[in-house]
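Taking it in order: structure first as structure tokens, then the write-up.
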Amino acid sequence: MTRIEEARQTLLETDVNLKMEEIQTEEAYGRVIAENITAKTEVPSFRRSAYDGYAVRREDLKDASKEYPVTLKVRETIPAGSRGKFPVTEGTAARIMTGAMVPEGADAVVKHEDTRFTEKEVCFFMPAGAANIVDAGEDIKQGVSLIRKGKILGAADTAVIAGQGMSRVCVFQKPRIAILSTGNELTEPGQELVKGKIYNTNPFLLAGYVQKYGMIPKDYGIVPDETDVLADRIQMALNDNDMVITTGGVSAGDFDYVPKVMELIGADILFHRIPMKPGGAMLAAVKDGKVILGLSGNPGAAAVGFLHIGLPYMKKLCGRNDIHLTKAQAILAGPFEKSSKVTRILRGTAKILEGRLVFEQTGNQKNGAVSSMMDCNLLGEIPAGSPALPAGTEIDVYVV
Ligand code: AMP
Ligand code: MG
């Protein structure tokens with residue numbers, strides 16, 4: 001295991017306290033289901049007609065031809081939603097609409113455009129072809145496993161649940177994630193920017209990802225680089241949330257107080273610093289069973305730390321059963337001209353060229369660049385010790 005994998009794994013081994021809630025099925029799209037769904041009812045639950053036409057017995061039509069048509073007596077009309085009163089017996093047929101229950105005795109439906117009919121009689125000019133009957137359980141058989149606990153419910157999942165007649169479903173509560181920005185240089189957008197200060201952009205970036213992955217962000221604002229204030233604010237955030245993410249103050253500068261504050265509040269440090277660029281200046285700690293993820297203040301680095309190291313744990317916190325990173329191989333669209341002493345994570349976007357997955361860098365790969373996170377849907381991994389890489393090199397990539 002590399003130290004990067006180790007950091008991810010150490011986080012993953014932290015226990016989570018999953019809470020459930022029951023919600024309306026119509027609100028379940030995008031939520032993580034907290035129960036296994038097994039088919040209690042088969043779908044459809046009865047034999048139904050696939051067309052508007054006539055329910056017949058094949059036997060009655062077996063000799064029908066243009067020269068010698070067969071005429072059957074129409075005993076009733078069965079609209080969708082009703083059931084017929086009579087079984088189909090020798091010499092009779094039932095007019096039937098799409099979706100209506102096929103009456104007993106009938107073993108085929110002939111489309112009405114293939115017949116000639118009056119109200120009382122229907123005439124056939126050939127034997128019945130396809131049955132045109134949807135069997136009970138054609139879509140879903142009784143007793144089959146439909147959805148496993150921990151899946152994010154997509155459109156069809158909610159439809160399948162509704163098809164079981166369930167108006168409510170049990171899902172995991174969305175975890176609440178506190179976001180704190182440390183740094184005396186930070187100014188909130190909307191305020192005047194004094195020389196030497198910068199706008200506080202990290203909470204926007206992180207709150208966006210938090211929501212993208214199905215969690216609820218809560219912003220705890222800007223915290224000055226002061227140990228006591230930082231300790232108080234982190235403790236306050238821990239009390240009301242399932243996890244705390246800080247940015248800034250985590251490396252080796254004079255005012256990088258996050259590691260010290262972990263000690264002060266009695267949190268156990270899981271790891272501090274990973275040989276990874278950008279984002280390696282990060283730490284993870286646990287207090288009261290809750291994780292504190294201390295990310296670098298540099299937006300590019302914070303994003304990489306969040307996505308490449310923290311995300312599997314956060315997926316676990318959501319109750320998901322697919323928590324591991326989605327890895328593939330892709331071809332570098334352009335060169336990466338620097339050599340890499342430690343593992344380097346590139347920000348890029350997925351392209352398909354001549355049927356192959358191609359990794360196109362989204363621009364400036366510097367720690368501090370937030371612009372290259374725009375349109376980034378793939379992180380590329382360059383192994384430690386790699387020289388500069390020409391276009392066309394195959395690298396590992398991770399879908400984010
Ligand atoms: P630090 O991790 O505190 O050493 O900060 C590294 C760099 O990221 C510095 O240039 C900071 O000014 C910048 N930075 C820190 N916090 C933020 C933030 N919330 N939004 C944007 N940039 C930040
Ligand atoms: Mg700082």
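A compact table of results
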| item | result |
| --- | --- |
| Mean Cβ neighbour count within 10 Å, used as a protection proxy, ranking 102-115, 297-310 highest first | 297-310, 102-115 |
| Order of 245, 345, 265 - criterion: other Cβ atoms within 10 Å of each residue's Cβ, fewest first | 265, 345, 245 |
| DSSP-defined antiparallel bridges as percent of all bridges, the chain, nearest 5 | 70 |
| Length-normalised contact order for the range 48-134 - Cα pairs under 8 Å, 6+ apart - percent | 43 |
| P(r), alpha carbons of the range 246-400 - 10 Å bins starting at zero, rounded % | 11, 37, 33, 15, 4, 0 |
| For 3, 8, order by how many other beta-carbon atoms lie within 10 Å, fewest first | 3, 8 |
| Fewest-first ranking of 61, 12, 283, using other Cβ atoms within 10 Å as the exposure measure | 12, 61, 283 |
| Mean separation of Cα contacts under 8 Å, 6 or more apart, over the residue count of the chain: relative contact order % | 15 |
| Cα centroid separation, the range 20-70 to the range 232-290 (Å) | 55 |
| Low-density loop positions, trypsin sites (Lys or Arg not before Pro), the range 187-225 - DSSP coil, at most 11 other Cβ in 10 Å | 195 |
| Percent of C-alpha pairs per 10 Å bin, the range 326-399, short to long | 22, 57, 21, 1 |
| Cα centroid separation, the range 354-400 to the range 201-224 (Å) | 24 |
| Estimated distance in nm for a label pair at residue 327 and residue 139, the labels positioned 7 Å out from Cα along Cα-to-Cβ | 3.9 |
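Where a number appears in this text, it was derived from the coordinates with a stated rule and is not lab data. Every value quoted in this text rests on a predicted model; they were computed, and no experiment measured them. Virtual Cβ from ideal backbone geometry, glycine too; neighbours counted across all protein chains shown.
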